[in-house]
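Peer 1: What follows is a single structure, and I will ask about it in a moment.
The values are calculated or read from the model by the stated rules, or taken from the named source; none is laboratory data. In this text, all values refer to a predicted model and were calculated from it rather than measured experimentally. For neighbour counting, all protein chains shown are included, and Cβ atoms are generated from backbone atoms with ideal geometry for every residue, glycine included. Side chains included, ligands, DNA and RNA excluded: accessible areas come from the protein's heavy atoms. Shrake-Rupley method; radii C 1.70, N 1.55, O 1.52, S 1.80 Å.
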Amino acid sequence: QVQLVESGGGSVQAGGSLRLSCAASGGTFSSLDMDWSRQAPGKEREFVAAISWSGGKTYYAESVKGRFTISRDNAKNTVYLQMNSLKPEDTAVYYCGATLSTPGLGDIHSWGQGTQVTVSS
(Lines give C-alpha, C1' and ligand atoms only; values in the text may rest on other atoms or scores of the structure.)
Protein backbone atom coordinates (compact mmCIF):
# COMPACT_ATOMS: atom_id res chain seq x y z
CA GLN A 1 0.00 0.00 0.00
CA VAL A 2 0.96 3.62 -0.48
CA GLN A 3 1.60 5.48 2.76
CA LEU A 4 1.05 9.22 2.88
CA VAL A 5 2.09 11.66 5.59
CA GLU A 6 0.88 15.26 5.54
CA SER A 7 2.61 18.15 7.26
CA GLY A 8 2.64 21.93 7.26
CA GLY A 9 -0.75 22.63 8.77
CA GLY A 10 -1.26 25.29 11.40
CA SER A 11 -3.10 28.46 12.34
CA VAL A 12 -2.89 31.63 10.27
CA GLN A 13 -4.69 34.93 9.92
CA ALA A 14 -7.04 35.54 7.01
CA GLY A 15 -5.06 36.64 3.99
CA GLY A 16 -2.04 34.64 5.03
CA SER A 17 -0.32 31.74 3.33
CA LEU A 18 0.54 28.18 4.18
CA ARG A 19 2.22 25.34 2.32
CA LEU A 20 1.20 21.76 2.95
CA SER A 21 3.47 18.85 2.11
CA CYS A 22 2.71 15.20 1.60
CA ALA A 23 5.43 12.59 1.60
CA ALA A 24 4.66 9.28 -0.07
CA SER A 25 6.25 5.91 0.45
CA GLY A 26 5.56 2.29 -0.37
CA GLY A 27 4.88 2.83 -4.04
CA THR A 28 6.17 4.31 -7.24
CA PHE A 29 5.41 7.96 -6.62
CA SER A 30 5.93 9.06 -10.18
CA SER A 31 3.12 6.76 -11.30
CA LEU A 32 0.57 8.17 -8.84
CA ASP A 33 -2.06 10.79 -9.48
CA MET A 34 -2.09 12.95 -6.36
CA ASP A 35 -4.81 15.05 -4.79
CA TRP A 36 -5.81 17.13 -1.80
CA SER A 37 -9.20 17.09 -0.16
CA ARG A 38 -10.51 18.71 3.01
CA GLN A 39 -13.20 18.23 5.59
CA ALA A 40 -14.61 20.85 7.93
CA PRO A 41 -16.52 19.91 11.09
CA GLY A 42 -20.04 18.77 10.27
CA LYS A 43 -19.42 18.83 6.53
CA GLU A 44 -18.65 16.28 3.85
CA ARG A 45 -15.15 15.87 2.59
CA GLU A 46 -14.64 17.94 -0.54
CA PHE A 47 -12.17 17.86 -3.37
CA VAL A 48 -9.59 20.64 -3.38
CA ALA A 49 -6.97 19.96 -6.04
CA ALA A 50 -5.35 17.19 -8.06
CA ILE A 51 -2.27 16.70 -10.19
CA SER A 52 -1.45 14.00 -12.70
CA TRP A 53 1.53 11.68 -12.38
CA SER A 54 3.45 13.74 -14.92
CA GLY A 55 2.53 17.06 -13.33
CA GLY A 56 1.18 18.22 -16.65
CA LYS A 57 -2.46 18.37 -15.62
CA THR A 58 -3.93 20.08 -12.58
CA TYR A 59 -7.48 20.47 -11.34
CA TYR A 60 -8.95 22.77 -8.72
CA ALA A 61 -12.21 23.24 -6.93
CA GLU A 62 -13.85 26.54 -7.82
CA SER A 63 -13.62 27.67 -4.22
CA VAL A 64 -9.81 27.61 -4.26
CA LYS A 65 -9.02 28.36 -7.90
CA GLY A 66 -6.58 31.23 -8.20
CA ARG A 67 -5.53 30.98 -4.55
CA PHE A 68 -4.18 27.43 -4.19
CA THR A 69 -1.51 25.73 -6.27
CA ILE A 70 -0.78 22.01 -6.31
CA SER A 71 2.64 20.80 -7.39
CA ARG A 72 4.82 17.75 -7.06
CA ASP A 73 8.48 16.87 -6.88
CA ASN A 74 8.85 13.28 -8.02
CA ALA A 75 12.52 13.23 -7.04
CA LYS A 76 11.44 13.86 -3.44
CA ASN A 77 8.28 11.73 -3.55
CA THR A 78 6.38 14.77 -2.34
CA VAL A 79 3.29 16.70 -3.35
CA TYR A 80 2.60 20.24 -2.16
CA LEU A 81 -0.37 22.51 -1.75
CA GLN A 82 0.54 26.19 -1.67
CA MET A 83 -2.35 28.10 -0.12
CA ASN A 84 -2.45 31.87 -0.50
CA SER A 85 -5.06 34.46 0.43
CA LEU A 86 -6.50 32.09 3.00
CA LYS A 87 -10.03 32.62 4.21
CA PRO A 88 -11.81 31.42 7.36
CA GLU A 89 -13.87 29.17 5.07
CA ASP A 90 -10.66 27.26 4.29
CA THR A 91 -10.51 25.98 7.86
CA ALA A 92 -10.57 22.18 7.70
CA VAL A 93 -8.54 19.04 8.02
CA TYR A 94 -6.63 18.62 4.79
CA TYR A 95 -5.95 15.17 3.43
CA CYS A 96 -3.43 14.05 0.87
CA GLY A 97 -4.59 11.37 -1.54
CA ALA A 98 -2.99 9.10 -4.10
CA THR A 99 -4.50 7.09 -6.91
CA LEU A 100 -2.69 4.18 -8.46
CA SER A 101 -4.10 2.91 -11.74
CA THR A 102 -3.45 -0.79 -12.17
CA PRO A 103 -4.29 -3.02 -15.13
CA GLY A 104 -5.61 -5.82 -12.94
CA LEU A 105 -7.17 -4.13 -9.90
CA GLY A 106 -8.34 -0.84 -11.34
CA ASP A 107 -7.82 2.42 -9.48
CA ILE A 108 -6.64 2.19 -5.90
CA HIS A 109 -6.95 5.31 -3.75
CA SER A 110 -5.23 6.04 -0.44
CA TRP A 111 -5.40 8.94 2.03
CA GLY A 112 -3.05 10.24 4.66
CA GLN A 113 -3.98 11.00 8.25
CA GLY A 114 -4.71 14.66 7.60
CA THR A 115 -3.35 17.95 8.87
CA GLN A 116 -5.35 20.74 10.49
CA VAL A 117 -5.53 24.16 8.88
CA THR A 118 -7.18 26.94 10.86
CA VAL A 119 -7.73 30.41 9.41
CA SER A 120 -8.89 33.14 11.76
CA SER A 121 -10.35 36.53 10.92
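Peer 1: Would you give the gap between the C-alpha center of segment 56-91 and the C-alpha center of segment 100-121, rounded to a whole Å?
Peer 2: About 13 Å separates the Cα centre of segment 56-91 from the one of segment 100-121.
Peer 1: With all protein chains present, calculate the accessible area of residue 72 using a 1.4 Å probe and round the result to the nearest 10 Å².
Peer 2: 40
Peer 1: Any idea of the accessible area per residue across the chain, 1.4 Å probe, to the nearest Å²?
Peer 2: Details: 6370 Å² over 121 residues.
Solvent-accessible surface per residue comes out at 53 Å².
Peer 1: Counting only protein heavy atoms, what percent of the accessible surface of the chain is carbon or sulfur at a 1.4 Å probe?
Peer 2: On the way: 3200 of 6370 Å².
Carbon and sulfur: 50 percent of the exposed surface of the chain.
Peer 1: Work out from phi, with θ = phi - 60° and the Karplus expression 6.51 cos²θ - 1.76 cosθ + 1.60, the ³J(HN,Hα) of each residue of segment 111-117, listed in order in whole Hz, and give x for Gly and Pro.
Peer 2: Once rounded to whole Hz, the list reads 10, x, 7, x, 9, 7, 10.
Peer 1: Quote the relative contact order of segment 40-97 in percent (integer), defining contacts as alpha-carbon pairs under 8 Å separated by 6+ residues. Show your work: numbers first, answer last.
Peer 2: Working: 52 pairs, mean separation 15.6, N = 58.
The value is 27 percent.
Peer 1: For segment 22-121, what is the charge dipole size about the Cα centre, in debye to the nearest 20, if Lys and Arg each add +1 at the Cβ and Asp and Glu each add -1 at the Cβ?
Peer 2: On the way: 9 positive and 9 negative charges, 39 e Å.
Approximately 180 debye in magnitude.
Peer 1: Student exercise: in the chain, how many lysine pairs 8 or more apart or on different chains have Cα atoms under 24 Å apart? Walk me through the numbers before you get to the answer.
Peer 2: Numbers: 43/65; 43/87; 57/65; 57/76; 65/87.
Counting lysine pairs in the chain gives 5.
Peer 1: Semi-axes, largest first, in whole Å: what does sqrt of 5 times each Cα gyration tensor eigenvalue give for segment 3-104? Each step should come with its number before you reach the end.
Peer 2: On the way: eigenvalues 111, 38, 33 Å².
In descending order, the three semi-axes are 24, 14, 13 Å.
Peer 1: Shifting gears a bit: If R₀ is 25 angstrom, what is the calculated FRET efficiency for the pair residue 76 and residue 105, using the beta carbon separation as r and rounding to 0.05?
Peer 2: Details: r = 27 Å, r/R0 = 1.07.
E(calc), rounded to 0.05, equals 0.40.
Peer 1: Note the full-extension length gain between residue 17 and residue 44 as 0.36 nm times their separation in residues minus their Cα-Cα distance, in nm to one decimal. If you can, show how the numbers build up before the last one.
Peer 2: Values: separation 27, 0.36 × 27 = 9.72 nm, distance 2.40 nm.
Fully extending the segment from residue 17 to residue 44 adds 7.3 nm.
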